[in-house]
Amino acid sequence: MTDADSANALMRSWLILLGLALGVCVTNSFARFAYGLILPAMQTDLGWSYAQAGWLNTANAIGYIVGALTTIWLIRLLAPWRLFLVGFVATTLSLIATGLETGLIWQSTWRIAAGLFGALSFSTAGLLAAQLFPQDPRRAALAVALLFGLGGGFGLALGGASVPLMLDRFGSAAWPWAWVIIGGMSLSFLPVCFWAARALRSPPPDQKARVPLPLRTMWAELAGYGMFGLGYIVYLTFISAWMTAQNASALLVAGVWITLGICTSVAPFVWGRVFARHASGRPLSLVLCTIALGSALPVLMPNAVGLVASAIIFGLSVFMAPGAITSFTRQNLPAASWGQSISVFTAIFAVAQSLSPIAAGWLGDISGDIGFSLLAASTVLLTGAGFAAFQKPLQSPKLENGM
């Protein structure tokens, strides 16, 4: 292969990664986290309590559980690129439908659907990205980090730049249009996502080559990721509601979400080298410590400076937790087991994620201040960091020395 051919192949791989990242933008940022942006308007227009508001993200998480468990089964039968595309298209349709009917039952139905199909696409996106640079560990680690960082960050920034100012201009009753607009943006990504997924066409994994997961020796990483699911979602569900309760302006709310998105996008360049050097639970532990600090800062520093600092710290870490477990999987397990491993991590994460939004909302109703829920989430995340710190490499201890 000539230098020109190598350069073209490299460029093609990065373009494929961009297509996968747009899928993550839809199935993660839009399907899960845009709700936090639109929630204050929905709460005002529909008269919801914090517990009712939390329920809809719990409903989304319940769908995510079903999707994660379904992926564990389907990944044995269907090629990952097919699952990625099915999940992407169905998630996009669910987002559009969310803006078409305001009743709580219908809202719950579409939030469940977005979670279910989002999990299908999100799980397989990491698996597809892990295939891009099989002979280059550093590029492979960076690609995984970029998948979640760029995809998640672009969605947060795009939503932050459009939704708060639109709702401020047209009023809380305009919230259904926010969902339709987000669904429309998702639909515009379809051609690129379709091309990227088809470029990585491969048959389902060889079941004879796949080995059972060493779950007993992975317990610390699994526990840490479960605590991540339990803790991180509180911030992204209720930070806008907390700012609204503090009389923050729409411009400040938009600025915080745009900052979140920008920092999430550059996070891979902060964490990529850490992922490449460590096959243990150290990357996940460090990521969770950083998310915990970002979650607590709005309450500890309840002003614009604290909010922006919180967005920077939280944004630089939150989407790196999926990157950490994908990198852990890639470095410690045979390729035939990657899909199963990522699906198991996703299922545990999904179960944990389903518990916290409604619990955090209930705590906010009881205390009269959703800030208490942000502090509780920070404590949970620190607990997860402690678990992950105990995780040792499964088969490649030499990576811990930077080799």
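Run the numbers for TRP362 and ALA9: contour at 0.36 nm per residue of separation, minus the present Cα-Cα distance, in nm. List each step's numbers first, then the result.
On the way: separation 353, 0.36 × 353 = 127.08 nm, distance 5.18 nm.
Between TRP362 and ALA9, full extension yields an extra 121.9 nm.
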(message) Please state the shape class of segment 155-306: rounded when a/c is under 1.5, otherwise prolate if a/b exceeds b/c and oblate if not, all from the C-alpha gyration tensor.
(response) oblate
(message) Defining a contact as two alpha carbons under 8 Å apart and six or more residues distant in sequence, what relative contact order in percent does the chain show?
(response) 27
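Counting only protein chains, not ligands or nucleic acids, how are MET301, MET218, MET227 ordered by accessible area (probe 1.4 Å), most first?
Greatest to least solvent exposure: MET301, MET227, MET218.
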(message) Just to be sure I understand: if I project the alpha-carbon convex hull of segment 271-403 onto a plane and average over all orientations, what area do I get in nm²?
(response) 8.6
(message) Please report the net charge: other residues with Cβ closer than 15 Å to the Cβ of ALA250, K and R +1, D and E -1.
(response) 0
(request) Would you kindly derive the ³J(HN,Hα) couplings of segment 147-159 from the backbone phi angles with the Karplus curve 6.51 cos²θ - 1.76 cosθ + 1.60 (θ = phi - 60°), listing them in order in whole Hz, with x for Gly and Pro? (result) 3, 7, x, 5, x, x, x, 4, x, 5, 5, 5, x
(request) Please give the peptides 337-350, 127-140 ranked by average Cβ packing (other Cβ atoms within 10 Å per residue), highest first, as a rough proxy for protection. (result) 337-350, 127-140
(message) How much length would be gained if the chain were fully extended between SER172 and SER49, taking 0.36 nm per residue of separation minus their Cα-Cα distance, in nm to one decimal?
(response) 42.7 nm
(message) How many angstrom lie between the Cα centre of segment 223-246 and the Cα centre of segment 328-380?
(response) 10
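Out of every Cα pair in segment 333-375, what percent are spaced more than 11 Å from each other? Spell out each step's value before the answer.
Details: 615 of 903 pairs.
It works out to 68 percent of all Cα pairs.
The values are calculated or read from the model by the stated rules, or taken from the named source; none is laboratory data. None of the values given here were measured: they were computed from a predicted structure. Note that each Cβ is placed from the backbone with ideal geometry, even for glycine, and that neighbours are counted across all protein chains shown. Side chains included, ligands, DNA and RNA excluded: accessible areas come from the protein's heavy atoms. Shrake-Rupley method; radii C 1.70, N 1.55, O 1.52, S 1.80 Å.
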